Each structure stands twice: as C-alpha cells, then as structure tokens.
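Heads up, the thing below is written out as structure tokens.
Just so you know, all these numbers are worked out from the coordinates, no wet-lab data involved. Every value quoted in this text rests on a predicted model; they were computed, and no experiment measured them. So basically every Cβ, Gly included, is an ideal-geometry build from the backbone, and we count neighbours across all protein chains shown.
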Amino acid sequence: MARQKSDCLLLVLLLCIEQTTSMSGYMQGWLTTGDHHNLLRQLPRVYPSTGGGRGVHINIDKNRRYQTMEGFGAALTSSAAYVIHNSPEYDEIINELFSPYSGIGISYIRLPMGASDIQAEAPYTYADTPWDFNLDHFSIDKDRHFIIPVIKKALRVNPTLKIMGTPWTAPAWMKTSNKLQGGQLKWDANINEAYAKYFVKFIQEYQREGIDITAVTVQNEPLNGNDQYPTMEMSWQQESEFVKHHLGPAFRSNNIQTKILLYDHNWDNTDYANNILNDHETSQFVSGVAWHCYGGDKSAPNKVHNSHPNVDMYFSECSGGTWAADFSGNLMWNAETLFIGQPRAWTKTVLLWNLALDENHGPHVQTNGGCKTCRGALTVHTHGGYTKEVEFYLIAHLSKFVKPGAVRIDSNTGQNINTVAFQNSDGSVAILVQNSGSNSQDVTIQVDNNNYIYNMPGHAIATFQL
C-alpha cells in the first residue's frame, strides 16, 4: 500500500514536471483586432523558431527592470455601481470583471469620495451638516446603497483588489462657493483641519466595512473649476500647504498607511507636481502623482519621474464616449497612448473612467451636470444583458495577464509595432504588442535566446505569455 502511494506521488510529480517543461516550450497569445472579428481570442501555441527570426524583432530583456505594477481597471462611480448592483446579471458581471480565473481579473479601481460628475443619486459628501468641525455627523451611509455592496462582492472574487479614493469636492460649507459645484477650499485652519479629518474618517469607516483604501488623491482635477457639477479648484500652493500642515500629519498621527497622491489631472501641466515635490516638508508625505489623458503629451509622467525618481507615477482617468465611436480607432489610440504608453512612462496603474454605464450613458441625476456621453467599459442594459465595449478588452489585455507585483521589463518598439513587457512574480512574462499599421507584419519576440514568430494582423493588439 505504501509502495502504491509512493508510485502515485511520483507519477503526479512527473506529470507536473512534464507540464512545466511543455509550458516553457511555447508562447501563448490572445488577440483583439480592430475589425471586431477577434475579441481576446486565444491563439494557437507559438513554438520557438529553429531558423532564426524575421520581420520586426522585439527583444525582451528581463535584466533591465523598471517599476513594479499595482494594477489595471476603471472607476466605480455612483452610476457604475448602480447599474452593476441592479443588473439581473449582477454576480456574472462581478465575476466577468474581477475574477482572476473566470474573468479579466481587474486589480485596481478608483472610487469617488462622495459626489462626482456621473451620479445615480443626488450629489452628496460624507459631511453635509454645516459647521460640523468635529465631523460628528460624518457618514458613509449613502455609499451603502450600492457602492459598498459592489466592492464587497468584488473583494470576494478578488481579495487583493486595490482602491484609490478621490474627492471631487469638499463639503459645501468648507468651500468659498458654499456649494458642491466650483469654488475653492476656504483657507482657514479650522476648515483645513476638518477636511484632513474627513479623509481620515473616510478611510477608517471603509476599514470598518472590511475595505482597505490603498491610496487617495488630494483632489480630482484641481485646475477644473466647472460649476455645472461637483468640482473644487486647488492651486499647487494650496495642495502643498494642505498636505504639509494638515493631511500628512493627520495620516501620521492616526497611523494611516494609505498613500497620498498629488495632482490627478492632465498631462499638460508638469509644474504642478514638480513644484510641490520640490518642497521636502510636503514631499515626505507624498507617495505619487496621478495623471489624466484630456490634455498634453503621454510622456508627462516620465518627465516628473526623471525629476523625482523616488515618487511613483499613476495613471488614473481617461474616458471613451459617443464622440469616439470607431472600435478600431479607439483600440489603436488607447493601446498606444495608455496601455502601452503609460507603463512605458513609469506609471504603476492604468485606470479608465467608468467601469460600467447603461445604454443611455448613465444613469444621471438631472440636476447634476457632467458627461452625458461617456462610455463605460461595460454597457449594462436596463432590461438585462450587457455589452463588452472596446475599453473592456483593452483593460483585459493587461489585467488578465499582468498581476499586481509584476515588474515592467525592457522591450523595444518600432515600425508600427509598439510593445510593453512585464515579468510576474511567478517568473512568467507577459508582452502586450500593438500593430498600429493597416497591414499584417511578422514579429519575432526574442526571449531567453528563443525566437517566437507571429504574423500580427493590422490594427490589432495581442498579449503574449511565456
């Protein structure tokens, strides 16, 4: 009996060795094409070429290592949480989005702290009682309607999910406008102390729900003073002073480990972050800088990284919408600019705007302005069913294969072939390749002295895994 058991264990071991050997002997791939004919379609195995390479050579150098990745995903706005929570396919959608096994394994979400510009309920903050400096009436109860249930369900299928919290506005009574729309934070010590406490209580109340907040940004789009929806302007001087004298010390005294991120606005302004980071009294509390896509050049995070290499870069928002209806054009722009371009510019995340919206790009509270034409990664239909949009597949091409803790490694680009490569903690390598040209091209991926040749269709992206 002991001999039989030993033989069984040996057989299992041999099978494991055989599987590992065979897995290391070929490359797997998943393809999405602009013509919509291939949507994350698994490709036949690619075995090493015995006769050298051809076409565009992509050299993967595991020894040249860059930033450690934290995750990929999108924002769980009030409207996104509403359509997911109320869908007949609620559980299926959660698995589709968050499961590392049966879904695409989204690993990072961005969470508005109260009101944003896409809102399923009347805009609110967590402290709407005027002049409550001690925040005795602070409450996240409105998040319990559908936001917190969706997060908890997502955490059950992906317990390592990370969350970035972002305020669109402080409570109205803390602002010069005395309303959620527009204005600035009143420059008053008591107000500033109360607002720092607001962040602390947000993190603590979510922790009591079993939800850890990985990072917060100080202010969404601090240079956007639009008075049609919740916003709050904050100059770099104000943000620096608030972090230096209030938010940073409040986190330290309450033993809050949540990261503080600056800026959270467009690529067209690198001075905002650099000016703050040049002040050591402020930068001691800062972990990173967050970026949006709506202005400027995609290389902006790289420029700030070069000035402050010890500060992490994060990409936190970009939206598709009815203004960009072409699947192929969206696939190409997003792949080159965001999903390849941002990690190559040192960002540790790539996050899009809404995770999900309905077929009317909402729901929207009529009294709240904001984007009425934005597209979610999923369109969740009011009467059941959902559609995977181009953004879903773009996220999937990284989130499904590049795990949190993966390190970006060196890869080259050229001749309409754009690439970014990563090595996961288990040693596996994932490479996202884009052919931005209209014609197919042979590409040779060179890894560990092996050449893997694949004929890459035009206007396509593929993730290869070894």
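In whole percent, what relative contact order does the chain give with Cα contacts below 8 Å and a gap of six or more residues?
Details: 1068 pairs, mean separation 106.8, N = 466.
RCO, the chain: 23 percent.
In debye, nearest 20: dipole of the chain around its Cα centre with unit charges on the Cβ of K, R (+) and D, E (-)?
1160 debye
What lysines sit close enough to residue 400 to cross-link, taking a C-alpha to C-alpha distance under 17 Å and skipping anything fewer than 8 places away on the same chain? Candidates past the 8-residue exclusion: 162, 348, 388. Between residue 440 and residue 209, the FRET efficiency from the beta-carbon distance, with R0 = 41 Å, is close to 0.25.
The calculated FRET efficiency for the pair residue 193 and residue 297, based on their C-beta separation and a Förster distance of 41 Å, comes to about 0.60. Net length available on complete extension from residue 307 to residue 324 is 2.7 nm, with 0.36 nm assigned per residue and the Cα-Cα distance removed.
Can you check what the net charge comes to around residue 115, using other residues whose Cβ is under 12 Å from the Cβ of residue 115 (Lys, Arg +1; Asp, Glu -1)?
Cβ neighbours under 12 Å give a net charge of -2.
In this label model, residue 235 and residue 43 are separated by 5.3 nm, measuring between points 7 Å along each Cα→Cβ vector.
Beta-bridge orientation, the range 60-212: approximately 10 percent antiparallel, per DSSP, counting only bridges with both partners inside.
Order these by the 10 Å Cβ neighbour count, fewest first: 187, 333. Taking fewest neighbouring Cβ atoms as first place, the list is 187, 333.
Modelled this way, with points 7 Å down the Cα-to-C-beta line, the labels at residue 122 and residue 137 are 1.3 nm from one another. Extension gain residue 156-residue 227, at 0.36 nm per residue separation less the Cα-Cα distance, in nm? Result: 21.7 nm gained on full extension.
Show which aspartates and glutamates lie in cross-link reach of residue 244 when reach means a straight Cα distance below 12 angstrom and same-chain residues fewer than eight apart are skipped. Hits, sequence-local ones excluded: 193, 279, 281.
In the range 251-378, what percentage of the DSSP-assigned beta bridges are antiparallel, given to the nearest 5?
Approximately 15 percent, going by the DSSP bridge assignments.
Helical runs assigned H by DSSP (4 residues or longer) give the chain a calculated mean residue ellipticity at 222 nm of -7500 deg cm²/dmol, each run adding -39500 (n - 2.57) before division by the residue total. You can think of it this way: the chain between residue 26 and residue 90 has 19.3 nm of extra reach, that is 0.36 nm per residue less the Cα-Cα gap. Here the range 70-401 carries DSSP beta bridges of which approximately 20% are antiparallel, counting only pairs with both residues inside. Computed from the Cβ-Cβ distance with R0 of 41 Å, the FRET efficiency linking residue 373 to residue 50 stands at 0.20.
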